[in-house]
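See structure below.
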Amino acid sequence: MSVSDAPTNVKAVGKSYKSAKITWKKTKGAGAYAIYRSTSKKSGYTLIKTVSKSKSSYKDKTVSAGTKYYYKVCAVTRGKEGKMSKADAAKIKPAAVKNLTAKSAGGKYTTLSWSASKGATVYYIYRSTKANKSYKKIAETTDLTLKTKIKNGKTYYYRVYARTGKINSDYTQVSYVNPSKVYLSSNTLNLESGETAKLTVSFKPGKVSDSSITWSSANTKIATVSSKGMITALGAGVTTITATACNGITATCEVSVDQEVSGMVIVLDPGHGGNDPGAVSGSLREKDLTLKISQYTKAELEKYNGVIVKMTRTTDTYLGLSERTAIAKNYGADLFISQHLNSAASSANGAEVFVSLNSNYNASSTQLASKILYRLTGLGLNNRGVKTRRSSDGVNDYYSVIRNSVSRGFPGIIVESAFISGSDDREILSTEAGLKSLGVATATAIAENYGLSKK
């Protein structure tokens, strides 16, 4: 009986930290296949498995990570082994590192951390300032963390390998960069008592791994600062607001607070803002127009005695509905006016004002609303009336800013000055003169309602 030819195309591949797969091309006439293994290419082979003739692969689950195994396969015919194949080797790698992170360790340090890898006995850490080349080994450790020193503003790339014996796992990569400078949107602010302002932060380089900021005020009796950089002016004086980055780099803003004169506090709330444009008609956006109208209202009101005028926003900034009345409460509001524009079919036009259903505020708010509508209709706008709207509970006001104003102890109204979508109203909304006339009309009505005299 002739000896079977050796199987060809024998391939051995490490599949995990505890298995290898051997494949081959079948031999004609084979009744089975015998798989041999050794840790030496030239000698020491032992039989580890015989499989049926239908098989052309075998998964060896008796391997150990960190070892290089050599495999040979021979065909078996009627119990007799044929010629042995050429050897092929598989390196059994430990499992790759998982959950690799790089975090600030304060100052010019970062801490790498990762989860234990199956089959690993040690970890090799390499670093480069280029993502795909020039890596140098900086440490080997049996720990699962490593603290490294870095330069602020420079991006570092780390590759961590699990290792057993002389065999590394595939690498896992992470990058980290500390800020070298911190910038604030303002270096100085002049505020009045009760006023708020928000500081925003940017970094050099523009993108950093940890953008967290710790805020502090040198004198919290003069001004406080929230965890989001919102400053609230409290008392007369000067204080320093400090923004501290994760690595201790700081930026400061000097805040001067003037004590306000006493008077009625009116808070104007330009509707929408930021990523909320409100109603849009062609090039007109509600958020832009409400801000301009409110600014004109403020400028006109400030010509009167005994009034302090505040705004919930003075720039294109998004504010939540509850946040708007919370700002007003912080100012000590006596009156809250939310400025909006309507949108509907192009034939819809005119002005309307929404007031609270609450018996403590309905009558006085209706009186003010009527005077505002009188002044707005004097500009040629249609009078759509003073309105209320009940929520689904059948009791409370539907609109959040009105409902929240009441719960915070002051009247709130919504002035819908015109229809941004209305062909009849678009002319007054399309020019600065038109927007100013809306703001002045609203301010004049407020002054008349509360008996304010000009300075």
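The values are calculated or read from the model by the stated rules, or taken from the named source; none is laboratory data. Since the structure is predicted, the reported quantities are computational estimates derived from the model, not experimental observations. Here the Cβ is made from the backbone with ideal geometry for all residues, glycine too, and neighbour counts use every protein chain on show. Areas reflect the complete protein model, heavy atoms only, side chains present, ligands, DNA and RNA absent. Shrake-Rupley method; radii C 1.70, N 1.55, O 1.52, S 1.80 Å.
Quick one: in the range 410-439, which of the residues that are outside any loop (DSSP other than H, G, I, E, B) and open to solvent by 40 Å² or more (accessible area, probe 1.4 Å) is farthest from A326 (Cα to Cα)?
If we filter the range 410-439 for residues that are outside any loop (DSSP other than H, G, I, E, B), which is where we start, we get 412-419, 426-429, 432-439.
Remaining after also requiring open to solvent by 40 Å² or more (accessible area, probe 1.4 Å): 426-427, 432-433, 436.
Numbers: R426: 33, E427: 35, E432: 30, A433: 32, K436: 27 Å.
Here the answer is E427.
Give the residues of the range 103-114 that are open to solvent by less than 30 Å² (accessible area, probe 1.4 Å) and among the hydroxyl-bearing types (S, T, Y), sorted by residue number.
The one that is open to solvent by less than 30 Å² (accessible area, probe 1.4 Å) and among the hydroxyl-bearing types (S, T, Y): T110.
Name the residue that is nearest to I249 (Cα to Cα), counting only residues in the range 69-86 that are open to solvent by 30 Å² or more (accessible area, probe 1.4 Å) and part of a loop (DSSP other than H, G, I, E, B). Spell out how you get there, then give the answer.
First, pick out the residues of the range 69-86 that are open to solvent by 30 Å² or more (accessible area, probe 1.4 Å): 70, 72, 78-81, 83-84, 86.
Narrowing further to those that are part of a loop (DSSP other than H, G, I, E, B): 78-79, 86.
Working: R78: 79, G79: 77, K86: 63 Å.
Result: K86.
Please work out if S356 is touching a Pro at 6+ places or on another chain (Cβ under 7 Å) and under 16 Å from F410 (Cα atoms). Don't jump to the end; show me each part of the working.
Working: touching a Pro at 6+ places or on another chain (Cβ under 7 Å): yes; under 16 Å from F410 (Cα atoms): yes.
Answer is yes for this residue.
Kindly evaluate R389 against the criterion of being under 40 Å from the mean Cα position of the chain (by Cα), among the basic types (K, R) and more than 27 Å from A345 (Cα to Cα). Let's see the steps before the verdict.
Details: under 40 Å from the mean Cα position of the chain (by Cα): yes; among the basic types (K, R): yes; more than 27 Å from A345 (Cα to Cα): no.
Against the criterion (under 40 Å from the mean Cα position of the chain (by Cα), among the basic types (K, R) and more than 27 Å from A345 (Cα to Cα)), R389 does not qualify.
Taking into account only those residues within the range 46-62 that are more than 30 Å from S117 (Cβ to Cβ) and not basic (K, R), which is least open to solvent (accessible area, probe 1.4 Å)? Spell out how you get there, then give the answer.
Filtering the range 46-62 for residues more than 30 Å from S117 (Cβ to Cβ) gives 47, 50-56.
Still in the running and not basic (K, R): 47, 50-52, 54, 56.
Working: L47: 89, T50: 72, V51: 19, S52: 55, S54: 78, S56: 48 Å².
Filtering the range 46-62 for residues that are more than 30 Å from S117 (Cβ to Cβ) and not basic (K, R), the one least open to solvent (accessible area, probe 1.4 Å) comes out as V51.
Starting from residues that are at pLDDT 95 or above and hydrophobic (A, V, I, L, M, F, W, C), keep the ones in the range 6-28 and report whichever is surrounded by the fewest Cβ atoms within 10 Å (Cβ to Cβ).
V13
Does V3 satisfy being assigned to a loop (DSSP other than H, G, I, E, B) and either without any contact (Cβ under 8 Å) to a residue 60 or more places away in the chain or open to solvent by 30 Å² or more (accessible area, probe 1.4 Å) (or both)?
yes
Are any residues in the range 32-79 within 14 Å of A90 (Cβ to Cβ) and in contact with a Cys (Cβ under 9 Å, 6 or more places away or on another chain), and if so, which ones?
I35, Y36
Quick check on my filter: what residues within the range 10-40 are outside any strand (DSSP E or B) and either over 27 Å from T164 (Cβ atoms) or of a type in the set (A, V, I, L, M, F, W, C) (or both)?
First pass over the range 10-40, keeping only residues outside any strand (DSSP E or B): 17-18, 26-31, 39-40.
The answer is K26, T27, K28, G29, A30, G31.
Given the conditions (1) open to solvent by 40 Å² or more (accessible area, probe 1.4 Å); (2) aromatic (F, W, Y); (3) touching a Lys or Arg at 6+ places or on another chain (Cβ under 9 Å), and given that Y374 satisfies all but one, which numbered condition is not satisfied?
If we test Y374 against (1) open to solvent by 40 Å² or more (accessible area, probe 1.4 Å); (2) aromatic (F, W, Y); (3) touching a Lys or Arg at 6+ places or on another chain (Cβ under 9 Å), just (3) comes out false.
Can you tell me which residue in the range 215-243 is farthest from G332 (Cα to Cα), limited to those that are among the hydroxyl-bearing types (S, T, Y) and not in a strand (DSSP E or B)?
Of all residues in the range 215-243, those among the hydroxyl-bearing types (S, T, Y) come to 216-217, 220, 224, 226-227, 232, 239-240, 242.
Remaining after also requiring not in a strand (DSSP E or B): 220, 226-227.
Numbers: T220: 19, S226: 19, S227: 22 Å.
Restricting to residues being among the hydroxyl-bearing types (S, T, Y) and not in a strand (DSSP E or B), the top hit is S227.
Only one of (1) of a type outside the set (S, T, Y); (2) at pLDDT 95 or above; (3) open to solvent by less than 20 Å² (accessible area, probe 1.4 Å) is not met by N404, so which one is it?
Only one criterion in (1) of a type outside the set (S, T, Y); (2) at pLDDT 95 or above; (3) open to solvent by less than 20 Å² (accessible area, probe 1.4 Å) is unmet by N404, namely (3).
Please tell me if G320 is exposed (fewer than 15 other Cβ atoms within 10 Å of the Cβ), free of Cβ contacts under 8 Å to residues at least 12 places away in the same chain and out of contact with any Phe, Trp or Tyr (no Cβ under 6 Å at 6 or more places or on another chain).
On the way: exposed (fewer than 15 other Cβ atoms within 10 Å of the Cβ): yes; free of Cβ contacts under 8 Å to residues at least 12 places away in the same chain: yes; out of contact with any Phe, Trp or Tyr (no Cβ under 6 Å at 6 or more places or on another chain): yes.
For G320, the condition - exposed (fewer than 15 other Cβ atoms within 10 Å of the Cβ), free of Cβ contacts under 8 Å to residues at least 12 places away in the same chain and out of contact with any Phe, Trp or Tyr (no Cβ under 6 Å at 6 or more places or on another chain) - is met.
Got a number for residues in the range 299-314 being open to solvent by 50 Å² or more (accessible area, probe 1.4 Å) and in contact (Cβ under 8 Å) with a residue 40 or more places away in the chain?
Looking only at the range 299-314, we keep the residues that are open to solvent by 50 Å² or more (accessible area, probe 1.4 Å), and these are 299, 302-303, 305, 314.
Next, from what is left, pick out any that are in contact (Cβ under 8 Å) with a residue 40 or more places away in the chain: 299, 303, 305.
Count: 3.
Among the numbered criteria (1) in contact with a Phe, Trp or Tyr (Cβ under 7 Å, 6 or more places away or on another chain); (2) open to solvent by 70 Å² or more (accessible area, probe 1.4 Å); (3) in a loop (DSSP other than H, G, I, E, B), which one does A65 miss?
Only one criterion is unmet by A65, namely (2).
Is it the case, given these coordinates, that S364 is surrounded by fewer than 17 Cβ atoms within 10 Å (Cβ to Cβ) and not in a helix (DSSP H, G or I)?
Numbers: surrounded by fewer than 17 Cβ atoms within 10 Å (Cβ to Cβ): yes; not in a helix (DSSP H, G or I): no.
Against the criterion (surrounded by fewer than 17 Cβ atoms within 10 Å (Cβ to Cβ) and not in a helix (DSSP H, G or I)), S364 does not qualify.
For the range 244-280, enumerate the residues that are β-branched (V, I, T) and either crowded, with 18+ Cβ neighbours inside 10 Å or outside any loop (DSSP other than H, G, I, E, B) (or both).
Residues satisfying the conditions are T244, I249, T250, T252, V255, V257, V265, I266, V267, V280.
Within the range 234-243, restricting attention to residues that are open to solvent by less than 40 Å² (accessible area, probe 1.4 Å) and either modelled with pLDDT of 95 or more or within 21 Å of Y318 (Cα to Cα) (or both), which residue is farthest from the chain's Cα centre (by Cα)? So that I can check it myself, show each step before the final result.
Within the range 234-243, the first condition is being open to solvent by less than 40 Å² (accessible area, probe 1.4 Å), and the residues that meet it are 235, 237, 239, 241-243.
Narrowing the set further to residues that are either modelled with pLDDT of 95 or more or within 21 Å of Y318 (Cα to Cα) (or both) leaves 239, 241-243.
On the way: T239: 30, I241: 24, T242: 22, A243: 19 Å.
Selected residue: T239.
Between A443, A348, which is of a type outside the set (S, T, Y) and either surrounded by fewer than 21 Cβ atoms within 10 Å (Cβ to Cβ) or over 21 Å from E302 (Cβ atoms) (or both)?
One residue alone meets the criteria, A348.
Determine if the range 329-340 includes at least one residue that is open to solvent by 50 Å² or more (accessible area, probe 1.4 Å), outside any loop (DSSP other than H, G, I, E, B) and either over 22 Å from A445 (Cα atoms) or in contact (Cβ under 8 Å) with a residue 24 or more places away in the chain (or both). Give the derivation first.
Narrowing the range 329-340 to residues open to solvent by 50 Å² or more (accessible area, probe 1.4 Å): 329-330, 334.
In the following step, the residues that additionally are outside any loop (DSSP other than H, G, I, E, B) were identified as 329-330.
Among the residues that remain, those that are also either over 22 Å from A445 (Cα atoms) or in contact (Cβ under 8 Å) with a residue 24 or more places away in the chain (or both) are: 329-330.
Looking for residues that are open to solvent by 50 Å² or more (accessible area, probe 1.4 Å), outside any loop (DSSP other than H, G, I, E, B) and either over 22 Å from A445 (Cα atoms) or in contact (Cβ under 8 Å) with a residue 24 or more places away in the chain (or both), one finds at least one in the range 329-340, hence yes.
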